[in-house]
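As structure tokens, the structure follows; a few thoughts come after it.
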């Protein structure tokens with residue numbers, strides 16, 4: 001009986017660990033050079049920044065990665081898993097302000113970033129905030 005209780009407790013703990021929000025986010029981009037030619041099957045250098053407050057805001061997190069593009073020039077990254085230059089991805093206060101993602105790319109694989117882009121992050125990263133926003137009682141509620 002003790003073994004069953006121990007195994008059940010271990011399974012519940014393992015399941016709750018899997019239910020946590022990952023401390024990273026997915027990002028994909030198609031890389032083209034200055035001539036608008038796909039950069040296919042090539043290692044590229046990228047610097048990813050999370051900017052707070054605006055398109056020219058303060059960088060609260062910066063990392064570098066050197067992913068390889070596929071045959072269609074597509075790179076797939078997990079932001080939060082690269083080589084950190086500034087900040088800590090796990091401590092970004094997503095509820096504090098608006099955030100933007102800035103990507104800089106060197107199609108030759110180095111750090112001479114010649115391709116840049118910045119765009120506002122919308123809903124998905126804010127789900128990271130939900131894990132610390134409190135909880136509610138599940139199920140229907142009636143005013144008493």
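Tallying residues that are surrounded by fewer than 20 Cβ atoms within 10 Å (Cβ to Cβ) and in contact (Cβ under 8 Å) with a residue 24 or more places away in the chain within segment 48-78 yields 18. When segment 80-124 is filtered for residues that are in a strand (DSSP E or B) and exposed (fewer than 15 other Cβ atoms within 10 Å of the Cβ), the ones remaining, listed by number, are 83, 84, 85, 86, 116, 117, 119, 120.
Condition check ((1) under 24 Å from residue 120 (Cβ atoms); (2) at pLDDT below 95; (3) outside any strand (DSSP E or B)) across all residues:
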site: 11; (1), (2), (3): no, yes, yes
site: 27; (1), (2), (3): yes, yes, no
site: 34; (1), (2), (3): no, yes, yes
site: 46; (1), (2), (3): yes, no, no
site: 60; (1), (2), (3): yes, no, no
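Of note, residue 40 satisfies the criterion of being touching a residue at least 12 places away in the same chain (Cβ under 8 Å), farther than 15 Å from residue 117 by Cα and in a loop (DSSP other than H, G, I, E, B).
The values are calculated or read from the model by the stated rules, or taken from the named source; none is laboratory data. From a predicted model like this one, the values you see are computed outputs, not experimental measurements. No Cβ is skipped: glycine too gets one built from the backbone with ideal geometry, and neighbour counts run over all protein chains shown.
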